[in-house]
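Enquirer: Following this message is one structure expressed as structure tokens.
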Amino acid sequence: MSKKKLQPKQYLTGAALSTPKPCTWCPGCGDFGIWSAFRAACMQEKWDNKNTALVAGIGCHGHIINFVKITAFEGLHGRALPVASGLKMANHDLNVFVFTGDGDSLSEGGNHFIHAARRNQNLTVILHDNALYALTTGQASPRTPKGQVTKSTPGGNIDDPLHPLRLALSAGATFLAREYSGNVESLKEIIIEANKHEGFSVIQVMQPCVSFNKVYTHRFFQENIYKLPEDYDPTDTFSAYQKTFEWDYKKIPVGILYQEKRKSYEAQLPVISKKTLVKQPVKKKTITSLYKKFI
Amino acid sequence: MIFVCMKPFVLKIGGEAGYGIMSAGLVVAKIASRSGYYTFDYSEYPSLVRGGHNVMQVAISEGPVLAPYMHTDFLVALNQDTLHQHQHEVIGGGSILFDSAMNMSVKNVAKGVHIFDVPIHEIATRVGGSLIMKNTAALGAVLSILGGSIDDLCKMIKEEFRDKHESVSKRNIAVARAAYQYVQERHFDKLDPFLKQKRVRKEKIVVTANEAIALGSIAAGMQFAAIYPMTPTSAILHTLAPHQEKFGYIYKQPEDEISALNMAIGASFAGVRSLVATSGGGFCLMTEAYGLAGITETPVVIIEGMRGAPATGLPTWTEQGDLLFTLYAHQGDFPRIILAPGDVEESFHMTMQAFNLAEKYQTPVLLLVDKHICESHMSVEPFEYKKYSIERGNFVKTKRVNYKRYAVTASGISPRSIPGVGNHFVVNSDEHDEVGYSEESSENRIEQMNKRMRKLLTCEKEDMEKPRVYGSTKADITIISWGSNKGAILEALQHCKNVNFVHVTWMNPFPTRALNNILKKAKKVLLVECNYSGQFGKLLKEKTGFTPHDTLLKYDGRPIFPEEIIQKIQSLLDS
């Protein structure tokens with residue numbers, strides 16, 4: 001008998017997503033929640049090595065590529081977005097997820113973040129926001145609150161923090177969401193929605209760093225977030241903009257803050273309107289018709 | 001006699017920036033080329049759009065001409081500044097055409113120089129109704145003096161203004177004909193039918209290395225290019241951008257050069273042939289991703305067009321000061337292939353070759369060119385590349401059991417796969433194991449580092465080309481050089497006996513053994529290059545231990561001229 005018949009029909013299982021690499025995040029790290037939510041989304045949506053690719057930057061978040069068995073590119077600090085943009089332009093059939101951190105995307109990669117949003121590249125950005133640099137053992141990041149004492153701000157941080165969703169909105173992103181990494185089920189749904197959305201999707205995931213951040217703890221988020229009400233209209237740009245200013249005790253909104261229908265960058269490239277670039281065979285080309293200009 | 005005089009005819013046209021000096025020069029080159037001659041043009045201009053001094057020389061000859069010269073046979077001056085700066089270059093028997101409607105004065109010229117006064121300004125405004133047609137008037141006058149084809153010029157004007165209102169080309173043609181006629185009547189006794197059409201005319205194209213690189217990329221099946229504008233390589237993107245749909249590639253202008261190379265790496269990871277182009281300053285930003293391509297073993301072709309450096313330096317002038325930078329840029333060790341084409345022809349073919357090498361060795365391949373060849377047009381026969389075939393190397397396009405992206409092999413080359421075909425792998429900027437997972441053990445590090453570096457040894461054996469020696473093997477003086485100096489040296493060789501020239505195009509891997517063999521037989525070796533510190537000399541010393549007997553270094557932003565090489569050889573022979 002052929003072995004094939006005995007194999008179960010292809011449902012993605014947790015085992016299929018597992019790699020031989022042991023997880024290296026600190027016990028209690030918020031990244032575990034993101035990992036769980038992403039794996040659950042993969043299983044539900046059957047994202048696998050035939051249809052999905054991951055791109056990560058450098059920071060604790062980037063280690064995720066060692067723990068999910070989906071083809072990945074772990075690039076340089078801050079540069080995940082341009083790599084992902086090139087990947088998506090060359091093969092827009094793939095679901096492309098970008099894992100990045102607050103230091104990675106807002107500091108080192110700030111320019112790329114603005115421009116990928118402006119172009120509305122069809123990417124899903126999962127922004128692990130722990131509000132400091134964790135892998136380098138606890139310095140201030142663009143998300144560190146004013147006044148916080150870190151290794152690089154012993155007298156208290158005098159920089160004001162950046163608000164990634166407000167920044168992304170003004171730069172032209174078309175899907176904005178926020179969730180706390182502990183809300184795994186909700187985060188999973190948001191990741192799925194973000195991937196369905198055509199255009200630049202940013203999910204700011206509040207991801208407590210248990211080792212270095214004593215301000216933004218699990219408890220802090222558990223106590224201070226609130227779910228956007230049912231009647232909240234994410235298509236209204238101005239209310240979304242107002243929501244990005246809400247960051248107070250008991251008043252940190254989570255959920256889908258903004259969604260706009262607009263053509264993605266990839267959808268506007270005539271060369272790939274019928275077929276992905278990678279499916280168009282590499283051929284030697286005759287250039288005689290181009291000589292006219294040079295005679 | 002050591003020197004035989006066989007110099008080309010050099011026309012130089014100069015004027016204020018913004019009045020189409022460069023396009024006028026190019027028209028002269030194209031008309032000469034269409035009439036059966038060979039040309040090489042060279043332009044000098046400041047980094048601004050209007051108001052500075054622009055000058056372009058077109059060297060014209062019966063046979064191939066490979067470099068600009070210092071002398072001028074025919075100076076076309078559209079402003080006084082051009083006369084000030086260049087009238088002394090005009091040799092006896094040469095000519096000067098100046099705008100007699102502009103209150104200009106010609107003084108202190110060599111004996112026997114013919115003077116042509118033509119009211120360019122007046123013809124442009126009276127006949128064409130606009131000062132902007134000054135260059136057209138000048139062209140009409142030039143062709144009249146040289147016996148060039150006014151019909152060819154009218155045809156080119158029509159082609160040039162095809163997309164504009166009909167009246168634009170009509171008025172330009174009227175201006176050209178009026179200036180042509182004016183010269184025929186006023187200066188009938190001084191005309192020299194130098195540019196008359198030759199009976200046998202080979203089809204030629206008049207292209208720069210920028211254009212040759214763009215054409216070579218298209219021919220080689222390039223699919224993705226991310227280029228941020230920067231002099232002197234912007235014309236690569238100008239050539240690529242309009243033809244994306246027809247040839248099936250994407251050109252993307254990124255937010256900066258960091259993004260450019262990272263995007264190209266992302267596209268290459270997806271499985272398409274990718275290109276970036278920049279200058280030294282942009283390459284500074286790319287150095288980070290240069291090593292990323294190295295450790296992740298991602299194929300990518302990088303064009304680096306050098307200009308006067310450091311920092312903003314001399315933005316519109318030439319230099320060869322980035323050789324050691326590109327050889328050593330980025331932290332640590334990774335295999336890089338660096339090629340340095342010397343002219344338009346080599347730029348075309350090496351670009352095509354670079355795409356194959358990048359995919360075969362899964363590593364960045366950098367083409368080092370400079371402003372001089374990037375922006376100088378040369379007339380060549382249409383490129384011949386029948387023998388070229390696309391080679392994508394060890395490329396796994398289907399699902400494979402137990403697939404390992406970074407499998408350790410004898411050649412150092414591992415099977416490359418792409419996302420979407422079902423193979424799981426990690427392309428990792430961290431040191432990684434064979435699958436691509438981050439791995440920091442001592443054994444793994446050594447194994448992966450050795451594997452990557454082994455690719456260079458394989459490349460040395462299988463692909464590296466020996467330097468080419470021009471001229472007799474037995475020579476009193478051997479010139480060793482690289483890149484764009486090739487043209488001027490070959491021109492100089494035509495004027496000198498007993499001198500040969502070693503042209504090195506492979507910078508990494510380096511043809512050490514071949515050079516040792518050549519240099520040990522050489523009597524006296526002269527190193528020629530365009531930078532302050534003799535960077536190629538340092539590389540040569542590092543690889544072969546050899547020190548040239550003398551050097552000719554130039555770093556004033558101008559290319560080396562054949563006359564300077566001839567003079568240096570003369571002084572070496574005299575000493």
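Enquirer: Given the stretch B:418-517, what strands (runs of 3 or more DSSP E) lie entirely inside it while holding 3 or more residues that are more than 28 Å from B:His377 (Cα to Cα)? Before the answer, list the steps.
Expert: Numbers: elements: B:426-428, B:468-470, B:477-482, B:499-504, B:506-508.
Qualifying strands (runs of 3 or more DSSP E): B:426-428.
Enquirer: Also, quick follow-up: So, in the stretch B:186-206, how many residues would count as being in contact with a His (Cβ under 9 Å, 6 or more places away or on another chain) and more than 14 Å from every other protein chain (Cβ to nearest Cβ)?
Expert: 3
Enquirer: Moving on. Restricting the search to the stretch B:287-309, which residues are within 12 Å of another protein chain (Cβ to nearest Cβ) and within 22 Å of B:Ala212 (Cβ to Cβ)?
Expert: B:Pro299, B:Val300
Enquirer: A further question follows. Kindly indicate whether any position in the stretch A:120-137 is within 14 Å of chain B (Cβ to nearest Cβ), closer than 21 Å to B:Phe224 by Cβ and assigned to a helix (DSSP H, G or I).
Expert: The answer is no, given that none of the residues of the stretch A:120-137 is within 14 Å of chain B (Cβ to nearest Cβ), closer than 21 Å to B:Phe224 by Cβ and assigned to a helix (DSSP H, G or I).
Enquirer: Also, quick follow-up: Report whether or not B:Met56 is assigned to a helix (DSSP H, G or I) and in contact (Cβ under 8 Å) with a residue 24 or more places away in the chain. If you could, list the steps in order and put the result at the bottom.
Expert: Values: assigned to a helix (DSSP H, G or I): no; in contact (Cβ under 8 Å) with a residue 24 or more places away in the chain: yes.
Here the answer is no, as B:Met56 does not meet what is asked.
Enquirer: Somewhere in the stretch A:199-206, is a residue in contact (Cβ under 8 Å) with a residue 40 or more places away in the chain, surrounded by fewer than 22 Cβ atoms within 10 Å (Cβ to Cβ) and part of a loop (DSSP other than H, G, I, E, B)? Give the steps one after another, and end with the answer.
Expert: Within the stretch A:199-206, the subset in contact (Cβ under 8 Å) with a residue 40 or more places away in the chain is A:199-206.
Next, only the ones that are surrounded by fewer than 22 Cβ atoms within 10 Å (Cβ to Cβ) stay: none.
No, the conditions are met nowhere in the stretch A:199-206.
Enquirer: If you go through the stretch B:416-430 one residue at a time, do you hit one that is under 14 Å from B:Glu297 (Cα atoms), free of Cβ contacts under 8 Å to residues at least 40 places away in the same chain and more than 12 Å from chain A (Cβ to nearest Cβ)? Give the derivation first.
Expert: Of all residues in the stretch B:416-430, those under 14 Å from B:Glu297 (Cα atoms) come to B:416-418, B:425-430.
Filter once more, so that each one left must be free of Cβ contacts under 8 Å to residues at least 40 places away in the same chain: B:417, B:425-426, B:430.
Checking the rest, the ones that are also more than 12 Å from chain A (Cβ to nearest Cβ) come to none.
No.
Enquirer: Ok, one more. Suppose we filter B:Ile157, B:Ile145, B:Ile132, B:Ile173 for residues that are crowded, with 18+ Cβ neighbours inside 10 Å, of a type in the set (Val, Ile, Thr), touching a Phe, Trp or Tyr at 6+ places or on another chain (Cβ under 9 Å) and in the same structural domain as B:Val28 (by TED's automatic domain parsing); which single one remains?
Expert: Numbers: B:Ile157 fails: touching a Phe, Trp or Tyr at 6+ places or on another chain (Cβ under 9 Å); B:Ile132 fails: crowded, with 18+ Cβ neighbours inside 10 Å; B:Ile173 fails: touching a Phe, Trp or Tyr at 6+ places or on another chain (Cβ under 9 Å).
Just one listed residue meets the conditions, B:Ile145.
Enquirer: Can A:Lys46 be described as within 14 Å of chain B (Cβ to nearest Cβ), on the phi < 0 side of the Ramachandran plot and among the basic types (Lys, Arg)?
Expert: Details: within 14 Å of chain B (Cβ to nearest Cβ): yes; on the phi < 0 side of the Ramachandran plot: no; among the basic types (Lys, Arg): yes.
No.
Enquirer: Here's another thing I want to ask about it. Pick out, from the stretch B:209-322, the strands (runs of 3 or more DSSP E) lying fully within it that include 1 or more residues that are modelled with pLDDT of 95 or more and basic (Lys, Arg).
Expert: Numbers: elements: B:224-226, B:250-252, B:274-279, B:300-306.
Answer list for the stretch B:209-322: B:250-252.
Enquirer: Looking at B:Asn394, B:Asn402, can you tell me which residue is touching a strand residue (DSSP E or B) at 6+ places or on another chain (Cβ under 7 Å) and either modelled with pLDDT of 95 or more or within 13 Å of chain A (Cβ to nearest Cβ) (or both)? Quick ask: steps written out before the conclusion?
Expert: Working: B:Asn402 fails: touching a strand residue (DSSP E or B) at 6+ places or on another chain (Cβ under 7 Å).
The conditions single out B:Asn394.
Rundown of residues vs (1) over 22 Å from the mean Cα position of the chain (by Cα); (2) of a type in the set (Phe, Trp, Tyr); (3) farther than 28 Å from B:Glu257 by Cα, yes/no style:
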{"residue": "A:Gly103", "(1), (2), (3)": "no, no, no"}
{"residue": "A:Phe113", "(1), (2), (3)": "no, yes, no"}
{"residue": "A:Arg118", "(1), (2), (3)": "no, no, no"}
{"residue": "A:Leu127", "(1), (2), (3)": "no, no, no"}
{"residue": "A:Leu132", "(1), (2), (3)": "no, no, no"}
{"residue": "A:Pro142", "(1), (2), (3)": "no, no, no"}
{"residue": "A:Gln148", "(1), (2), (3)": "yes, no, yes"}
{"residue": "A:Pro154", "(1), (2), (3)": "yes, no, yes"}
{"residue": "A:Ile158", "(1), (2), (3)": "yes, no, yes"}
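Enquirer: Would you confirm whether or not the stretch B:207-222 contains a residue that is out of contact with any strand residue (DSSP E or B) (no Cβ under 7 Å at 6 or more places or on another chain) and more than 11 Å from chain A (Cβ to nearest Cβ)?
Expert: yes
Enquirer: Report, ordered by the first and then the second residue, all pairs with beta carbons closer than 8 Å, sequence separation of six or more or different chains, a first member in the stretch B:224-243 that is farther than 15 Å from B:Val276 by Cβ, and a second member that is modelled with pLDDT under 95.
Expert: Listed by first residue and then by second, the contacts come to B:Thr231/B:Ser47.
Enquirer: Tell me which of these B:Glu203 doesn't satisfy, since it passes every other one: (1) surrounded by fewer than 15 Cβ atoms within 10 Å (Cβ to Cβ); (2) more than 24 Å from B:His349 (Cα to Cα).
Expert: Evaluating B:Glu203 over (1) surrounded by fewer than 15 Cβ atoms within 10 Å (Cβ to Cβ); (2) more than 24 Å from B:His349 (Cα to Cα) leaves (2) as the failure.
Enquirer: Which of the residues spanning the stretch A:282-295 are exposed (fewer than 12 other Cβ atoms within 10 Å of the Cβ) and of a type in the set (Ser, Thr, Tyr)?
Expert: Passing the criteria: A:Thr286, A:Thr288, A:Ser289.
Enquirer: Now for a separate question. Name, by its number, the condition in (1) aliphatic (A, V, I, L, M); (2) more than 7 Å from chain B (Cβ to nearest Cβ); (3) closer than 21 Å to A:Ala177 by Cα that does not hold for A:Val68.
Expert: (3)
Enquirer: Step by step: first the residues of the stretch A:71-89, then only those that are more than 7 Å from chain B (Cβ to nearest Cβ) and crowded, with 24+ Cβ neighbours inside 10 Å, then the one that is farthest from A:Thr276 (Cα to Cα). Which residue is that?
Expert: Ranking the qualifying residues of the stretch A:71-89, first place goes to A:Gly78.
Enquirer: So which pairs qualify, if the first residue must be in the stretch A:259-276 and closer than 16 Å to A:Leu176 by Cα, the second must be among the acidic types (Asp, Glu) and modelled with pLDDT of 95 or more, the Cβ gap must be under 7 Å, and the two must be at least 6 apart or on different chains?
Expert: Between residues of the stretch A:259-276 that are closer than 16 Å to A:Leu176 by Cα and residues that are among the acidic types (Asp, Glu) and modelled with pLDDT of 95 or more, the close pairs are A:Ser264/A:Glu198.
Enquirer: Within the stretch B:456-477, does at least one residue satisfy the condition of being in contact with a Lys or Arg (Cβ under 6 Å, 6 or more places away or on another chain) and either crowded, with 21+ Cβ neighbours inside 10 Å or basic (Lys, Arg) (or both)? Give the steps one after another, and end with the answer.
Expert: We begin by selecting, within the stretch B:456-477, every residue in contact with a Lys or Arg (Cβ under 6 Å, 6 or more places away or on another chain); these are B:476-477.
Next, from what is left, pick out any that are either crowded, with 21+ Cβ neighbours inside 10 Å or basic (Lys, Arg) (or both): B:477.
Yes.
Enquirer: Tell me, which residue of the stretch B:263-279 that is closer than 19 Å to B:Leu339 by Cβ and touching a Pro at 6+ places or on another chain (Cβ under 8 Å) is farthest from the other protein chains (Cβ to nearest Cβ)?
Expert: In the first step, residues of the stretch B:263-279 are kept if they are closer than 19 Å to B:Leu339 by Cβ; the result is B:264, B:268, B:273-279.
The next check asks that each one be touching a Pro at 6+ places or on another chain (Cβ under 8 Å); those that pass are B:268, B:273-274, B:279.
Working: B:Ser268: 8, B:Arg273: 6, B:Ser274: 7, B:Ser279: 20 Å.
The residue in question is B:Ser279.
Residues checked against (1) within 12 Å of B:Ile13 (Cα to Cα); (2) touching a Gly at 6+ places or on another chain (Cβ under 7 Å):
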residue: B:Gly63; (1), (2): no, no
residue: B:Leu66; (1), (2): no, yes
residue: B:Asn79; (1), (2): yes, yes
residue: B:Thr82; (1), (2): yes, yes
residue: B:Glu89; (1), (2): no, no
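Enquirer: Just to be sure, is A:His112 out of contact with any strand residue (DSSP E or B) (no Cβ under 8 Å at 6 or more places or on another chain), crowded, with 24+ Cβ neighbours inside 10 Å and not hydrophobic (A, V, I, L, M, F, W, C)?
Expert: Values: out of contact with any strand residue (DSSP E or B) (no Cβ under 8 Å at 6 or more places or on another chain): yes; crowded, with 24+ Cβ neighbours inside 10 Å: yes; not hydrophobic (A, V, I, L, M, F, W, C): yes.
The answer is yes for A:His112.
Enquirer: Residues of the stretch A:261-281 being surrounded by fewer than 19 Cβ atoms within 10 Å (Cβ to Cβ) and either at the interface with chain B (Cβ under 8 Å from one of its Cβ atoms) or within 22 Å of A:Thr237 (Cβ to Cβ) (or both), which ones?
Expert: So the first thing to find is which residues in the stretch A:261-281 are surrounded by fewer than 19 Cβ atoms within 10 Å (Cβ to Cβ), and the list is A:261-263, A:267-270, A:273-275, A:279-281.
Within the stretch A:261-281, A:Lys261, A:Arg262, A:Lys263, A:Ala267, A:Gln268, A:Leu269, A:Pro270, A:Gln280 qualify.
The values are calculated or read from the model by the stated rules, or taken from the named source; none is laboratory data. It should be emphasised that the depicted structure is a prediction, and the values quoted were computed from it without experimental measurement. Note: ideal-geometry Cβ built from the backbone for every residue, glycine included; neighbour counts use all protein chains shown.
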